[in-house]
Structures are given as structure tokens and as C-alpha cells.
Amino acid sequence: MFFDSVIINLKISLFYCKSFVISVSLNVVIFIFNIIIFKSIYSYNQSQTIVGYSFSQMVWYIGSTFFISRLIYCNPENSISEGIISGELALRLLKPIGLLKWEYAKAISSKPVVFTTEFLPTFVIFIYIIPPDFLSIIVFIKFIIISALSFHLFFLINFFIGTLAFDFKSARAFTDIKNILIVLLGGAFLPIDFFPKTVQKIIFYLPFKFFYYVPSNFFINKEGYQGISVFIETIVIMLIWIVLILLLCTFLWKLMLKRFCSAGG
Amino acid sequence: MKYIIKYLSLYIEYSKIIFARGTEFKTDFVLGICINLISTLFTPLFQFLIYHNTRGYPGWTFDEIILFQSILLFWNGIILTLFGSIRYRITPMIIYGHFELFLLKPYPALLLIFAGGFNYYSIGTILAGIILSIYALIKLNLIIGFIQILLFWTFFFIGILFYLSIMIFFLCISFILIYIFNLFEIKDRLISLAHFPAEIYSGLFKTIYLIFFPLAIWTYYPSQTFLGKLNIISIYACISSILMFILSLIAWNFTIKKYTGAGG
């Protein structure tokens with residue numbers, strides 16, 4: 001049943017593959033603009049590195065956030081929230097596959113398409129624009145593994161937010177809070193190293209850094225992310241977070257389901 | 001004039017409905033306004049972090065960049081309040097085929113799309129922009145005269161036309177391709193290039209930024225007006241903004257004629 005759901009959703013994703021071409025083209029344009037912005041900052045500062053990032057690493061850090069956002073993106077919370085508001089969730093619950101599994105199938109099925117039609121072309125073009133001197137096959141594999149775990153963490157956090165919609169009906173505010181935390185504390189708009197030291201210490205104990213900052217740093221092979229021990233340590237910590245949030249989701253789901261009363265229909 | 005009044009009354013009616021619907025989910029409503037305000041403070045924070053860790057941008061002191069950012073906040077607040085809901089409404093309408101109903105109504109479809117753009121979440125951002133602008137003007141000891149205010153609002157209104165033209169082009173793309181999951185995210189990334197002053201760019205990109213795709217009209221030229229550094233090039237930016245708007249309307253008319261509907 002789960003694999004059937006994956007195949008159905010994969011077909012849906014493939015149907016809209018033209019949109020990937022647009023997405024890739026615009027990402028390239030924005031990447032070029034980012035190069036210009038950072039080139040100006042680096043040359044004005046007359047410095048080889050800024051907060052430990054060389055020019056090439058900084059540009060690729062920002063560039064890698066484009067791929068990561070596509071690789072981890074999924075929105076089960078919107079789907080659940082809309083289902084609650086419209087009343088369609090009641091019908092959804094009658095189906096022989098659980099909502100968590102269905103949403104997971106939906107989310108994961110889009111990834112092979114995203115990987116081949118969006119990630120790879122963007123990546124190849126970016127390499128052509130600025131060759132990444134830090135990249136090797138091992139670094140790339142490490143990046144893919146960490147990004148896969150980030151996707152699972154992202155999915156579960158979103159599902160958790162979607163479950164909150166049983167009480168609040170609309171999950172939009174919670175989604176927005178999550179987005180803010182991810183962008184700000186996850187290192188999506190600037191590496192966390194730019195923040196004051198005290199803030200960095202707080203961010204270190206939160207899971208948000210695993211969405212952008214950690215995968216990006218593995219990707220650019222930054223100092224402190226090069227050895228195998230740090231890689232294994234990161235995987236273990238991410239797995240702990242995934243299990244914790246999965247348990248939380250299961251608990252909250254059971255609790256909310258008992259209180260669920262369809263609003264529409 | 002009659003057309004504008006008709007549009008405004010339609011816009012007000014739509015806004016009342018959107019507001020009433022929003023206040024149905026009270027937690028969401030209050031949190032949404034606060035969150036939106038916080039998220040719009042990202043760009044000033046970005047600039048703060050850049051200036052905190054580097055020498056910043058050529059030709060811009062920290063206080064000047066705060067003025068630039070405050071105008072950006074004000075601009076973003078206005079634009080998102082006026083048209084922020086479009087992204088949430090239109091894509092599902094195109095995918096599920098509800099958009100066809102728009103074509104049956106006694107108003108032009110484009111008018112209906114923009115009339116339903118009101119988004120109360122961004123009102124806080126406008127206030128933040130005004131407060132920060134006043135702070136920056138005081139900090140920089142700037143005295144603003146009538147001409148500067150007139151120029152500011154001229155850029156502002158022509159900037160709205162330019163913004164509308166970008167929206168229309170993106171709507172055309174979504175009508176042709178039916179579904180682009182991150183279309184509006186791409187648009188956001190594209191217009192976020194206006195979050196930086198022209199001195200950051202060089203060569204062809206600077207010319208594009210200043211004249212041909214004049215992102216400078218939203219924040220760069222208005223801040224240059226207040227700082228007394230406005231260049232004559234800004235006239236070309238106004239002309240190309242108006243041309244872009246006309247082109248976008250032509251593209252829209254062409255697209256809507258070709259539109260066949262995706263759902264049903």
C-alpha cells in the first residue's frame with residue numbers, strides 16, 4: 001500500500017516536470033546575483049575569508065541552500081490543515097492507509113523527480129559557474145546522507161505542526177513560526193557563524209541547524225566537518241531527533257484523533 | 001477614473017471578506033501578524049550581521065543602510081498588505097480548475113485576482129518601516145523637503161506598477177505551466193535582489209538593476225532621494241517600469257486567450 005502511494009504521487013510529480021526547468025533557470029540567475037553580491041563584499045573587505053568562509057565556500061554555502069530547500073521541502077501540515085478546514089480529512093481517515101504513511105509517501109515520492117530534474121541540473125550549472133575546489137565524491141555522499149536525514153526531520157516537524165491543526169484548525173501561524181526558526185536558526189539566509197557567540201551556543205542545542213547549516217557545511221567541506229567522526233556523530237544526533245519527534249507525533253496524533261470532530265463535509 | 005473607483009470598491013469588499021475569514025481563527029490571526037512582523041525583520045538583521053562581521057558595502061555607512069532597510073520594510077509592508085494573498089489563492093484555483101469561475105464574472109479576471117490580494121498579516125511591517133525610517137532620518141540628521149517627498153511617492157507608485165508587472169508575468173507562467181510548486185518562492189528570491197544597494201552590483205548586472213529590470217525603484221532610488229544623492233538615471237528606471245507594466249498586460253491578454261483550464 002505504501003509503495004503504491006509512492007508510485008501514484010511520483011506520477012503526479014512527473015506530470016508537472018516542466019516547472020523544474022523554470023525553477024532551475026531562475027535559481028541560476030539568483031546564484032549569479034549572489035556571486036556578485038559576495039564578490040563585492042569580499043573585495044571591499046580585502047579579505048580572503050569572512051568568519052572562516054572563503055569566497056568560494058560562501059557562494060556555495062548560499063547555493064547549496066537552494067538545493068537543500070528543494071531536497072527537504074514537503075508540506076504535510078498544509079495538507080492536514082486544509083483537510084480539517086474543508087472537512088475532507090474525515091474521508092481521508094477512512095482510507096486503508098494511515099495519514100502519516102500517506103503524507104510520507106507523498107513527500108518522499110517527489111524526491112527522485114526533484115533530485116534528477118532540479119537538483120542535478122542546478123548543481124552541474126553551478127559547478128560550471130564556480131568550480132567547487134573543496135568537493136569530492138566522499139564529501140558529496142556525506143552531503144546526500146545528511147540531507148536525507150534532514151528531509152525526515154523536516155517532514156516529522158511539519159507533520160507535528162499539522163497535528164496541531166486539529167486544535168487550532170489553521171496551521172498557518174505555526175508553519176510561519178517554524179519557517180522563521182528554520183530560516184533564522186537553521187542558517188538558511190546566512191551561516192550561523194555570523195551570529196554572536198552566545199546566540200550560536202543556544203542554536204547548537206536546537207534541531208534547526210540540521211536543515212541548512214549542517215548539510216551546507218558538510219557540502220563545502222568546512223573545517224570541523226571533514227572527519228568521519230563528526231559525520232557519524234551528526235548522524236547519531238539527527239537520528240535521536242528523528243526518533244524523538246516521531247514519538248511526539250505518534251503521541252499527539254492519537255490524542256488529537258480522539259478529539260477530532262469534522263468541521264465541514 | 002470610473003475603472004479605478006470600480007476596482008477600489010471591489011478591493012474593499014474582498015478585503016472585508018478576507019479580514020472576516022481571518023478573524024475566525026483568532027490564534028492564527030494574532031500569531032500571524034506577529035510572525036509576519038518578525039520575518040520581515042530578517043533583512044535588516046542580515047545587514048546588521050554583515051556590518052557586524054565585515055566592513056559592509058562600498059559607499060554605505062551602517063546608518064545609511066538602516067535607512068535603506070527601513071524604506072524596504074515600508075515598501076514590503078505596503079506591497080504584502082495590498083497583494084500578499086494572491087499567492088495563496090491563485091495557484092490552487094488554477095490547479096483545481098476553479099479559476100474558470102473568475103472568467104464568468106462581470107469583471108476582468110486580472111482585476112479580480114488583484115482585488116482579492118489583501119493580506120492583513122503585513123500591517124505590522126508597515127508600522128515597523130515607518131518607525132525605523134524616522135529613527136534613521138533623525139540619526140542621519142536629514143531634513144526632508146517637499147520635492148523629496150514628491151519624488152519618494154513618485155518612485156513608490158511607479159514601483160507598484162513594476163511590482164504588478166512582475167506578478168502578472170509570474171501569473172502568466174503559472175497559467176501556461178499550470179503548476180509550479182515554488183513559483184512564488186522563486187519570485188520572492190528574484191525580488192529579494194532589491195534588498196541590496198546598487199553599489200553591490202557591477203557591470204551589466206548593475207545596469208539591469210538600475211534601468212532595465214529596475215529593482216532599484218523600490219528602495220534604492222527612494223533612499224538616494226532622502227540622502228540627496230539621486231541620479232538622473234532614475235528617470236530611465238521609471239520609463240522601463242511603465243513599459244514593463246504595459247508589456248505584462250499584453251502578455252496577460254495573450255495568455256488568458258490561450259488558457260484552456262486544468263480542472264473541472
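Check whether at least one residue in the stretch A:165-174 is over 17 Å from A:Phe211 (Cα atoms) and free of Cβ contacts under 8 Å to residues at least 60 places away in the same chain, and report yes or no.
Checking the stretch A:165-174: at least one residue is over 17 Å from A:Phe211 (Cα atoms) and free of Cβ contacts under 8 Å to residues at least 60 places away in the same chain.
What about B:Phe68, is it assigned to a helix (DSSP H, G or I), without any contact (Cβ under 8 Å) to a residue 60 or more places away in the chain and either in contact with a Leu (Cβ under 7 Å, 6 or more places away or on another chain) or open to solvent by less than 60 Å² (accessible area, probe 1.4 Å) (or both)? Before the answer, list the steps.
Values: assigned to a helix (DSSP H, G or I): yes; without any contact (Cβ under 8 Å) to a residue 60 or more places away in the chain: no; either in contact with a Leu (Cβ under 7 Å, 6 or more places away or on another chain) or open to solvent by less than 60 Å² (accessible area, probe 1.4 Å) (or both): yes.
Judged against the criteria, B:Phe68 is not a match.
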Across the stretch B:216-264, the tally of residues that are in a helix (DSSP H, G or I), touching a residue at least 60 places away in the same chain (Cβ under 8 Å) and within 21 Å of B:Leu137 (Cβ to Cβ) stands at 9
Exactly one of B:Thr207, B:Thr260, B:Thr255, B:Thr225 is over 17 Å from the mean Cα position of the chain (by Cα) and surrounded by 21 or more Cβ atoms within 10 Å (Cβ to Cβ), and that residue is B:Thr225
Counting only residues that are touching a Gly at 6+ places or on another chain (Cβ under 8 Å) and within 12 Å of chain B (Cβ to nearest Cβ), the stretch A:193-210 contains a total of 1
| Going by the structure shown, is A:Ile8 among the hydrophobic types (A, V, I, L, M, F, W, C), in a helix (DSSP H, G or I), over 21 Å from the mean Cα position of the chain (by Cα) and modelled with pLDDT under 80? | yes
Expected single match for touching a Leu at 6+ places or on another chain (Cβ under 7 Å) and assigned to a helix (DSSP H, G or I) among A:Ile203, A:Ile232 is A:Ile203
In the set B:Ile186, B:Ile217, B:Ile158, B:Ile168, the lone residue that is under 19 Å from A:Ile30 (Cβ atoms), crowded, with 17+ Cβ neighbours inside 10 Å and of a type in the set (Val, Ile, Thr) is B:Ile186
Flagged pairs (Cβ under 6 angstrom, 6 or more apart or on separate chains; first in the stretch A:29-40, at the interface with chain B (Cβ under 8 Å from one of its Cβ atoms); second hydroxyl-bearing (Ser, Thr, Tyr)) are A:Ile36/B:Tyr201
Within the stretch B:11-26, residues at the interface with chain A (Cβ under 10 Å from one of its Cβ atoms), surrounded by 14 or more Cβ atoms within 10 Å (Cβ to Cβ) and either free of Cβ contacts under 8 Å to residues at least 12 places away in the same chain or not small (Gly, Ala, Ser) (or both) come out as B:Phe25
Checked B:Ile144, B:Ile180 against criteria (over 18 Å from the mean Cα position of the chain (by Cα) and either modelled with pLDDT of 90 or more or within 14 Å of chain A (Cβ to nearest Cβ) (or both)); the one match is B:Ile180
Is it the case that some residue within the stretch A:115-128 is over 19 Å from A:Leu71 (Cα atoms) and at pLDDT 85 or above? yes
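Output the residues belonging to the stretch A:126-141 that are closer than 21 Å to A:Ser54 by Cα and part of a helix (DSSP H, G or I).
Across the stretch A:126-141, the qualifying residues are A:Phe126, A:Ile127, A:Tyr128, A:Ile129, A:Ile137, A:Ile138, A:Val139, A:Phe140.
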Restricting attention to the stretch A:179-201, the residues that are surrounded by 20 or more Cβ atoms within 10 Å (Cβ to Cβ) and among the aromatic types (Phe, Trp, Tyr) number exactly 2
Would the stretch A:141-152 turn up any residue that is open to solvent by less than 10 Å² (accessible area, probe 1.4 Å) and within 10 Å of chain B (Cβ to nearest Cβ)? no
If you go through B:Leu37, B:Leu8, B:Leu31, the only one that is within 14 Å of chain A (Cβ to nearest Cβ), of a type in the set (A, V, I, L, M), free of Cβ contacts under 8 Å to residues at least 60 places away in the same chain and open to solvent by 40 Å² or more (accessible area, probe 1.4 Å) is B:Leu31
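Quick grid of which residues meet (1) free of Cβ contacts under 8 Å to residues at least 60 places away in the same chain; (2) open to solvent by less than 50 Å² (accessible area, probe 1.4 Å):
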position: B:Ile143; (1), (2): yes, no
position: B:Leu164; (1), (2): no, yes
position: B:Ala198; (1), (2): yes, yes
position: B:Ser202; (1), (2): yes, no
The helices (runs of 4 or more DSSP H) lying wholly within the stretch A:51-99 that contain at least 2 residues that are within 14 Å of chain B (Cβ to nearest Cβ), of a type outside the set (Lys, Arg) and buried (at least 23 other Cβ atoms within 10 Å of the Cβ) are A:55-72, A:76-86
Check: Would the stretch A:167-178 turn up any residue that is at pLDDT 90 or above, buried (at least 18 other Cβ atoms within 10 Å of the Cβ) and assigned to a helix (DSSP H, G or I)?
Finding: no
When the stretch B:134-146 is checked residue by residue, the ones that are part of a helix (DSSP H, G or I) and touching a helix residue (DSSP H, G or I) at 6+ places or on another chain (Cβ under 9 Å) are B:Ile134, B:Tyr135, B:Ala136, B:Leu137, B:Lys139
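The values are calculated or read from the model by the stated rules, or taken from the named source; none is laboratory data. Quick caveat, the model's predicted, so the values are computed rather than measured. Positions of Cβ are backbone-derived with ideal geometry, glycine not excepted, and every protein chain shown enters the neighbour counts. Protein only, heavy atoms only, side chains kept; ligands, DNA and RNA dropped before computing areas. Shrake-Rupley method; radii C 1.70, N 1.55, O 1.52, S 1.80 Å.
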